[in-house]
């Protein structure tokens, strides 16, 4: 018989709780999940949220699709199965940071409802705040910062979200932004107005 | 052609640096890697290090074999390949926390030199501090807190470290402790004396 899961004893009672970490940091953890097409502006938004929160003394961690894929998920490709495992691992890592009291800013295309549902389930619905950067497809394609849309149009990339792979919009996002209608700065300001009351430290909580 | 790694653009320049996080936290990040046999006392030591550091205002994160295996690594077993992937993922997660300025306390049997070498390479040698809890095998077996040695002796668990799977001691650990020769409290005190100077905030660094 192989050693199996029945022999794993999670030992949470000995390590410090999320509440103790939040008391130390004087903040409340949340996962801000910024999603949208390539070129929608989500990476810039995530970086600006982090910068603004940092300047206010909040400890944050950006988890970014590209950065995660160069480390933890460097053994995953872009098949459906690997994309699901990609999001699962990211959600588990986000949860570790959340349990440590941090504000996590996830920044992922995360095109499917199913994958985001999985992330929400792992992280917990009260801590999972979806921000949908709903910039029109044609605007994203015309920006084409990384030249990926061109490559996808030329057939050099398959399964590219928005071209030959669907983006399923969230049903009830925490917030929705269109960066062709408002500046990134205004978008970030709107996000902060909704986020700050949730992360501000309340000692009696 | 599938989308491949050449299309991944790590975007570290926009997100905050480790130094900025360390300045916020007023501490320097390190990975304290506590290793040893099942029953050696490493989990208790890890939990006590965290508690002591927390009381001094340091932000820490315990990464524990069992806890990680119930989340991020819940799709891994105990084959050689899965054990290596287990340590690789843990090291990548530790690195994410390290880049956020935290003090990570890893607590893993991590029996092979090869796996620990991989972890050191991912984390970076200057930040990877091995603490070898070198409690004699017979003491660990006699404690048998989880009843695992008994099951291994009865052949109900295979590849159990110390019985039918080797433990390869570290060549030059940062520290070595034998919990049959000193109390856990004294061991933790010795560890703190060596760790504190490394994590104390030096603003000019």
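The values are calculated or read from the model by the stated rules, or taken from the named source; none is laboratory data. Because the structure is a prediction, the values reported are computed rather than measured. Quick reminder, even Gly has a Cβ in these numbers, built from the backbone with ideal geometry, and neighbours come from all protein chains shown.
With the requirement that a residue be out of contact with any strand residue (DSSP E or B) (no Cβ under 8 Å at 6 or more places or on another chain) and more than 7 Å from chain B (Cβ to nearest Cβ), what does segment A:58-74 give you?
First, the residues of segment A:58-74 that are out of contact with any strand residue (DSSP E or B) (no Cβ under 8 Å at 6 or more places or on another chain): A:66-74.
Of everything in segment A:58-74, those that are out of contact with any strand residue (DSSP E or B) (no Cβ under 8 Å at 6 or more places or on another chain) and more than 7 Å from chain B (Cβ to nearest Cβ) turn out to be A:68, A:73, A:74.
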Among the residues of segment A:8-29, which ones are surrounded by 12 or more Cβ atoms within 10 Å (Cβ to Cβ), within 10 Å of another protein chain (Cβ to nearest Cβ) and at pLDDT 50 or above?
-> A:14, A:15, A:16, A:20, A:21, A:23, A:24, A:25
Members of segment B:164-177 found to be out of contact with any strand residue (DSSP E or B) (no Cβ under 8 Å at 6 or more places or on another chain), surrounded by fewer than 14 Cβ atoms within 10 Å (Cβ to Cβ) and closer than 18 Å to residue B:108 by Cβ, listed by number | B:166, B:168, B:171
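Condition first: closer than 25 Å to residue A:77 by Cβ and in contact with a strand residue (DSSP E or B) (Cβ under 9 Å, 6 or more places away or on another chain). Can you find one or more residues in segment A:141-148 that meet it?
Step one: of segment A:141-148, the residues closer than 25 Å to residue A:77 by Cβ are A:141, A:144-148.
Next cut, in contact with a strand residue (DSSP E or B) (Cβ under 9 Å, 6 or more places away or on another chain) only: none.
No, segment A:141-148 contains no residue that is closer than 25 Å to residue A:77 by Cβ and in contact with a strand residue (DSSP E or B) (Cβ under 9 Å, 6 or more places away or on another chain).
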Report yes if residue B:106 is under 30 Å from residue A:57 (Cα atoms), within 14 Å of another protein chain (Cβ to nearest Cβ) and exposed (fewer than 15 other Cβ atoms within 10 Å of the Cβ), otherwise no.
-> no
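I need the full set of residues from segment A:140-149 which are assigned to a loop (DSSP other than H, G, I, E, B) and buried (at least 21 other Cβ atoms within 10 Å of the Cβ), in order please. Walk me through it before giving the result.
Going through segment A:140-149, the residues assigned to a loop (DSSP other than H, G, I, E, B) turn out to be A:144-147.
None - no residue of segment A:140-149 is assigned to a loop (DSSP other than H, G, I, E, B) and buried (at least 21 other Cβ atoms within 10 Å of the Cβ), so the list stays empty.
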Pull up segment B:85-95, narrow it to residues that are touching a helix residue (DSSP H, G or I) at 6+ places or on another chain (Cβ under 7 Å) and within 11 Å of chain A (Cβ to nearest Cβ), then point me to the one that is surrounded by the most Cβ atoms within 10 Å (Cβ to Cβ).
-> B:90
Report yes if some residue within segment B:49-57 is at the interface with chain A (Cβ under 10 Å from one of its Cβ atoms), touching a residue at least 60 places away in the same chain (Cβ under 8 Å) and over 25 Å from residue A:94 (Cβ atoms); otherwise report no.
-> no
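Could you tell me which of the residues A:135, A:161 is buried (at least 16 other Cβ atoms within 10 Å of the Cβ), more than 16 Å from the chain's Cα centre (by Cα) and away from every other protein chain (no Cβ under 12 Å)?
Numbers: A:161 fails: away from every other protein chain (no Cβ under 12 Å).
Checking each option against the conditions leaves just A:135.
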From the set of residues in segment A:164-205 that are more than 19 Å from the chain's Cα centre (by Cα) and assigned to a strand (DSSP E or B), which is modelled with the lowest pLDDT?
-> A:165
Do we have any residue at all in segment B:72-84 that's within 30 Å of residue B:138 (Cβ to Cβ), out of contact with any helix residue (DSSP H, G or I) (no Cβ under 9 Å at 6 or more places or on another chain) and modelled with pLDDT of 90 or more?
-> yes
